[in-house]
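*Asks:* Okay, here's the structure, questions in a sec.
Quick note: the coordinates plus some simple rules give every number you see, no bench work behind them. For clarity, every value in this text was computed on a predicted model and none was experimentally measured. Counting neighbours? That spans all protein chains shown, and the Cβs are built from the backbone with ideal geometry, glycine included.
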Amino acid sequence: MVTGVACGLQNRYGAFARPGWVRFPHVPANLRVLVSAALLSLSICGDAHAQDPEATEPVAEPAPAAIDSVPPVSPLGAFARSMVLPGWGQVEVGRPERGAIYFGAAATTTYMIIKSSQKLSAARAAEPPNQDLIESRSGQRENWIVLTVFIAFLSGIDAWVSTHFWDFETTITGPPDGSIGAAVGLQINVP
């Protein structure tokens, strides 16, 4: 007979029986039942149309649009444009939404540089001069400058990558059989 606190608790409250297949004992049993039911429902879902030759119908695919294989600007040119004015390289490549995001971020951080510079000037002009406040305002301005340079660099790298992937067209449509869900397609033109 084994003695000890754990054995005494098991004897008082009954042994904790756990099935052998359970790998995660900390997961509640209700959650395990829900996950099992979800997996079972996924395995029983719908007919397999691809395996039934009578159920498959040819789907007319639209003719791919002719895409020029040369990007409008070189990757280095897009990088340089976005370093000068964040978002410019993305607009040149045909991604104006991304360009607007980078331009907005750079404009915001530039505004914060101007605002923190004004606060630093006011702290330096104050009588008597508070050295701690001056150092704090100077640190804030430096942080905004670093963030602005980082956003410009990030915009340049994104423009460089966008130039390399400028002719990839992705489409999100419903499945061709009309079922619920989404299908993602990627068209790659190989010369």
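*Asks:* Please state the charge dipole magnitude for region 75-166, taken about the Cα centre, from unit charges on C-beta atoms (+1 on K and R, -1 on D and E), reported in debye and rounded to the nearest 20.
*Replies:* Rounded to the nearest 20 debye, it is 140 debye.
*Asks:* Additional query: Lys/Arg Cβ at +1, Asp/Glu Cβ at -1, dipole of region 75-166 taken about the Cα centre: which of 88, 114, 165 is farthest positive-ward?
*Replies:* Ranked along the dipole, the leading option is 88.
*Asks:* Starting from the exponent 0.38 and prefactor 2.2 Å, build the expected Rg for region 75-166 from its residue count and divide its actual Cα Rg by it.
*Replies:* 1.38
*Asks:* Peptides 126-139, 78-91, 105-118: what's the order by average Cβ count within 10 Å, highest mean first?
*Replies:* Top of the packing list down: 78-91, 105-118, 126-139.
*Asks:* So, one more: May I ask you to derive the FRET efficiency for residue 74 and residue 133 from their Cβ-Cβ distance with R0 = 45 Å, giving the value to the nearest 0.05?
*Replies:* 0.40
*Asks:* If you don't mind, there's one more thing I want to ask. Taking the beta-carbon count within 10 Å as an exposure proxy, list 142, 97 from fewest neighbours to most.
*Replies:* Ascending number of Cβ neighbours within 10 Å: 97, 142.
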